[in-house]
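Encoded as structure tokens, the structure appears first; notes follow it.
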Amino acid sequence: MKKNNYLSNKELNFYKKNGYLVKPNLIDKKTINKINKKINFLKSNNAYDKNFEYLTIRGIKYCVRLKDPHKVDTIFNRLLKNIKIISILGDLLGGTIRFHHSKLNFKPPSSKAGIVDWHQDWAFYPHTNDDLIAIGIYLEDCYEKNGPLKVIPGSHKLKIFDHHQNGYFVGKINTKKEKINTKKSVSLVGAAGSVTFHHVRTLHSSALNLTKNFRPLLLYGYSSVDSWPLCYDQDSSIDPNINLKAYDKLILKGKPTLIPRLKNVPIIMPLPRESDSIFQLQNQKK
Ligand SMILES: O=C(O)CCC(=O)C(=O)O
């Protein structure tokens, strides 16, 4: 292993080729248990109601997400800076790191409300270059029956697929129309504490949770410091056009810069867009 590199060359090359990587049991069980306790507390505590997102399917209301968990409790804020995660991201993003967003998806049992259709994160937040990564931390063991993340290896090297329907951004791809062979997908499974890493252009989805329990997946997004957002980016309080200081406070490794790195990347603007939530977007009738 090289100095300052957490990943082996084999792992780094695997990520470059396939656009994803799984690190089993990266986060220790004690931390995972503390987080699960905190989630149980939050779920039974009305004070954080506004951060919970619900989706109603056929008259039934499901809790699908805790929005911005890093703003809700320090435990989530500490975890996003975990030394192992930051070391790996340093390797994968090429040195510098800026925190981008967080969300905690629950995937309710046996309900369409938990299904996430095929998409590329890049469609939601295009930047001046595509050195962005989302990581997923499994808070419970996650195997095929729990509805794990699925990715199509190598798809980060494909075009940006259209995520629109009838002229509206709907946050999902018509895989038949685009002739995407989803049978080539692989499931990213692992015990609680395992962490998935996927490139911002990697095609991914997740299917039904066939168990009786919620499947919690804590997601964090990161970019290289010189990836500049090209459109409104989820949270106006950290929009560099509005609050550059706040935007630069998100830097975890590297120095602020006013010089975005431009890469010849394919982009389709996520407009017009009627929600910030992937669940609302993918389930709207258009
Ligand atoms: O929760 C999941 O299973 C997948 C979520 C996802 O892909 C996303 O929020 O972008």
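Rounded to the nearest 20, the size of the Cβ-charge dipole of the chain about its Cα centre is 660 debye, with Lys and Arg at +1 and Asp and Glu at -1. Remark on W118: its backbone amide H falls under 5 Å from those of I173, a criterion applied only to residues 5 or more positions apart or on other chains, H modelled at 1.01 Å from N. Counting charges near R261 (Lys, Arg +1; Asp, Glu -1) among other residues having Cβ under 13 Å from its Cβ returns a value of -1.
Among the listed pairs K10/K249; K112/K212; K30/K245, which are separated by more than 23 Å between their Cα atoms? The pairs that break the limit, which is 23 Å between Cα atoms, are K10/K249; K30/K245. Near T175, once Lys and Arg are set to +1 and Asp and Glu to -1 for all other residues with Cβ below 11 Å from its Cβ, the sum equals +3. Amide hydrogen proximity for C142: with H placed 1.01 Å from N in the peptide plane, the residues at 5 or more positions away or on another chain lying under 5 Å are G190, A191, A192.
The phi torsions of the range 54-59, fed into the Karplus equation with coefficients 6.51, -1.76 and 1.60 and a -60° offset, translate into couplings of 10, 10, 9, 10, 6, x Hz, rounded to whole numbers, with Gly and Pro shown as x.
The distance from the alpha carbon centre of the range 213-260 to that of the range 34-110 is 16 Å, rounded to a whole number.
Most tightly packed first, judged by the mean number of other beta-carbon atoms within 10 Å of their residues, the peptides 119-131, 158-170 read 119-131, 158-170. Charge tally around F124: other residues with Cβ under 14 Å, Lys/Arg +1 each, Asp/Glu -1 each, net -4.
Determine the shape class of the range 178-220: with a ≥ b ≥ c the square roots of the Cα gyration tensor eigenvalues, call it rounded for a/c under 1.5, and otherwise prolate if a/b is greater than b/c, oblate otherwise. Because a/c hits 1.5 or more and a/b fails to exceed b/c, the range 178-220 counts as oblate.
Amide hydrogen proximity for F52: with H placed 1.01 Å from N in the peptide plane, the residues at 5 or more positions away or on another chain lying under 5 Å are K67. From most to least packed by mean Cβ count within 10 Å, the peptides 208-220, 73-85 give 208-220, 73-85. Scaling the Cα radius of gyration of the range 94-158 by the globular reference 2.2 N^0.38 Å produces a ratio of 1.31. Phi angles of the range 148-161 translate, via the Karplus equation with coefficients 6.51, -1.76, 1.60 and θ = phi - 60°, into HN-Hα couplings of x, 5, 10, 10, 9, x, x, 6, 5, 9, 8, 6, 7, 8 Hz per residue; Gly and Pro are given as x. Placing one equal scatterer on every Cα of the range 40-133 and applying the Debye formula, the log10 ratio I(q)/I(0) at q = 0.17, 0.21, 0.24 Å⁻¹ is -0.96, -1.18, -1.26. Would you please classify the overall shape of the chain from the alpha carbon gyration tensor, given that a ≥ b ≥ c denote the square roots of the eigenvalues, rounded means a/c under 1.5, and beyond that prolate means a/b larger than b/c while oblate covers the rest? Rounded shape, in that the Cα axes give a/c under 1.5.
Quick note: the coordinates plus some simple rules give every number you see, no bench work behind them. Just so it is clear, the model here is predicted, and its values are computed rather than measured. Note that each Cβ is placed from the backbone with ideal geometry, even for glycine, and that neighbours are counted across all protein chains shown.
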